[in-house]
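Here is the structure we will look at.
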Number of protein chains: 2
Amino acid sequence: MQLSLNTITTKSWTLPQVIEACARHGIPGISPWRDVLQAAGVEAAARQIRDAGLTVTGLCRGGMFTQPNAIEDNRRAIAEAHAIGARCLVVLGGGLAPGSKDLPGARAMVRDGLATILPEARAAGVTLALEPLHPMTCADRSVLSTLGQALDLCDELGEGTGVALDVYHVWWDPDLARQIARAGQRIVAFHVCDWKVPTTDTVFDRGIPGEGVIDIPAIRRQVVAAGYSGGFAEVEVLSTRWWAHDPDDLVQQITKRHATAI
Amino acid sequence: MQLSLNTITTKSWTLPQVIEACARHGIPGISPWRDVLQAAGVEAAARQIRDAGLTVTGLCRGGMFTQPNAIEDNRRAIAEAHAIGARCLVVLGGGLAPGSKDLPGARAMVRDGLATILPEARAAGVTLALEPLHPMTCADRSVLSTLGQALDLCDELGEGTGVALDVYHVWWDPDLARQIARAGQRIVAFHVCDWKVPTTDTVFDRGIPGEGVIDIPAIRRQVVAAGYSGGFAEVEVLSTRWWAHDPDDLVQQITKRHATAI
């Protein structure tokens, strides 16, 4: 697989800086978060990315359907994903609704929100990539917790939906191999990073590939065998530790681990 | 349901102190960890618990089959559970084997370890209660991650096995209601505490019932409807924050929340 660099990995950089780094390190893919995209200006960024010849493996992120104003925000996200030619809009569920303990209710809000925005996504040619998040984020980030649950939603919603598979979020799942095979070509994005032991924060303590205990090559092989033909492994590392490190050296370390740890 | 007090909740107390507190606060059940049981002397503790008229809802803990000397340690745990008349020995999987990324291999070690100790458990009349732990503990504490996975093991191993259901570990599971119904009377222990937002530690930041976002009464109703007839909710709170609090006041707060939050 080829590498794609998710902009959150080098959080201190602007989007133009990430684009330049991709050229400098020979990385052919990029996946921006919306804040850096908006800061750079969507049209200008789209032009720069095109001129650099980068594949946009995804736009992070839409969804968060349990939060206020989610639908309007997702409409903007779909337009942005279309503008930069992203292969998909990565969609998170959102956590429990504010002040609520109603988990089934929150999950229904995710399904209803997806159904609401799907016609616009289809019209824009933007695939909604449902990304299950690790269960430790269920309360505050995503009630969409397993690949099986995401695929049930894809089954229900149909054309224009797929899944974003991040090894960090799913590696522990006893049902993973079966669900990857079930997913098949609906896997539209493949994200990599690593699970450190110990993990000291539920969100911002990821490792770069090879730094933790996830057997990433084994999952990559299953994903390819299932029919993922995207050809990219997107490196998305949320880490206060790495964010304090020199970003150019970080990117170099990631490219070095490309052959051995992914 | 009646309350049972797991000794880890009041970590600074000896087992005799916990037994006295149960009498003082009108709590009819107890569940010791093995370290406090051994410190008190198993035979002396068994006598004190019997004299106090307490139901022993479980002994924590056996398992950890991916660690060295697990089988010998589980044999001692079975003998201890028998000696104190525990309804079950709570069994954890154990994390990945030291230095290994082989998750399927670790899970096979759990199955094989259970099969090895099961004849002794049956002979001693000690039910092995497989407790799935939250997926965030998969690497270092338990590769047994979901209720469905635990029930698959029960199906395979048969008589003498059951499950310990802790709301903290399973509340996020999209498949929970279905798996609780499937479990039926194989639920031999029901543990309660709460998921705080934010959660600042993957092991030691639990809340007491009502302090977090888990809809504990909804899960309790499902557990009872499935056939759990144990009649006890065991309060097991691992929390550096609560461990720094006056234990007697903590127990009082728990008894107050009994009617409203469990």
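The values are calculated or read from the model by the stated rules, or taken from the named source; none is laboratory data. None of the values given here were measured: they were computed from a predicted structure. Reconstructed Cβ throughout: ideal geometry from the backbone, glycine too, with neighbour counts over all protein chains shown.
Brief remarks on what is shown
- Any hit, the stretch B:150-165, residues being within 17 Å of B:CYS193 (Cβ to Cβ), within 14 Å of another protein chain (Cβ to nearest Cβ), in contact (Cβ under 8 Å) with a residue 12 or more places away in the chain and not in a loop (DSSP other than H, G, I, E, B): no
- Index of the failed condition, A:ASP35 passing every other in (1) buried (at least 21 other Cβ atoms within 10 Å of the Cβ); (2) assigned to a helix (DSSP H, G or I): (1)
- Taken together, A:VAL213, A:VAL203, A:VAL197, A:VAL163 contain a single residue that is modelled with pLDDT of 95 or more and buried (at least 24 other Cβ atoms within 10 Å of the Cβ), which is A:VAL163.
- Residues in the stretch A:126-136 that are within 13 Å of another protein chain (Cβ to nearest Cβ) and in a loop (DSSP other than H, G, I, E, B) were compared, and the one that is surrounded by the fewest Cβ atoms within 10 Å (Cβ to Cβ) is A:LEU133.
- Residues (farther than 17 Å from B:GLY113 by Cβ and not hydrophobic (A, V, I, L, M, F, W, C)) located in the stretch B:50-90: B:ARG50, B:ASP51, B:GLY53, B:THR55, B:THR57, B:GLY58, B:GLU80, B:HIS82, B:GLY85, B:ARG87
- Within the option set A:GLY95, A:GLY85, A:GLY99, A:GLY105, being touching a Lys or Arg at 6+ places or on another chain (Cβ under 9 Å) and within 14 Å of chain B (Cβ to nearest Cβ) holds for one residue only, A:GLY95.
- Taken as a whole, the structure leaves A:ASP175 outside the set of residues that are in contact (Cβ under 8 Å) with a residue 60 or more places away in the chain, within 14 Å of chain B (Cβ to nearest Cβ) and not polar (S, T, N, Q).
- Residue match in the stretch A:115-125 (condition: in a loop (DSSP other than H, G, I, E, B), in contact (Cβ under 8 Å) with a residue 12 or more places away in the chain and either within 15 Å of A:VAL90 (Cα to Cα) or away from chain B (no Cβ under 14 Å) (or both)): yes
- Any hit, the stretch B:182-191, residues being within 12 Å of another protein chain (Cβ to nearest Cβ) and under 18 Å from the mean Cα position of the chain (by Cα): no
- All conditions in (1) more than 26 Å from A:GLU211 (Cβ to Cβ); (2) surrounded by fewer than 22 Cβ atoms within 10 Å (Cβ to Cβ) hold for B:ASP140, with the sole exception of (1).
- Restricting the stretch B:137-149 to residues that are over 18 Å from B:VAL192 (Cα atoms) and not in a loop (DSSP other than H, G, I, E, B), the residue that is farthest from the other protein chains (Cβ to nearest Cβ): B:SER142
- Condition check for B:HIS258: of a type outside the set (Asp, Glu), more than 14 Å from chain A (Cβ to nearest Cβ), surrounded by fewer than 21 Cβ atoms within 10 Å (Cβ to Cβ) and in a helix (DSSP H, G or I): yes
- Residues located in the stretch B:77-113, provided they are over 16 Å from B:ARG141 (Cα atoms), under 19 Å from the mean Cα position of the chain (by Cα) and part of a helix (DSSP H, G or I): B:ALA77, B:ILE78, B:ALA79, B:GLU80, B:ALA81, B:HIS82, B:ALA83
- Residue list for the stretch A:40-66, filter: under 13 Å from A:LEU89 (Cβ atoms) and either part of a helix (DSSP H, G or I) or β-branched (Val, Ile, Thr) (or both): A:VAL56, A:THR57
- Residues (touching a residue at least 40 places away in the same chain (Cβ under 8 Å), of a type outside the set (A, V, I, L, M) and more than 10 Å from chain A (Cβ to nearest Cβ)) located in the stretch B:200-209: B:PRO209
- Residue match in the stretch A:67-76 (condition: within 18 Å of the chain's Cα centre (by Cα), surrounded by fewer than 17 Cβ atoms within 10 Å (Cβ to Cβ) and outside any helix (DSSP H, G or I)): no
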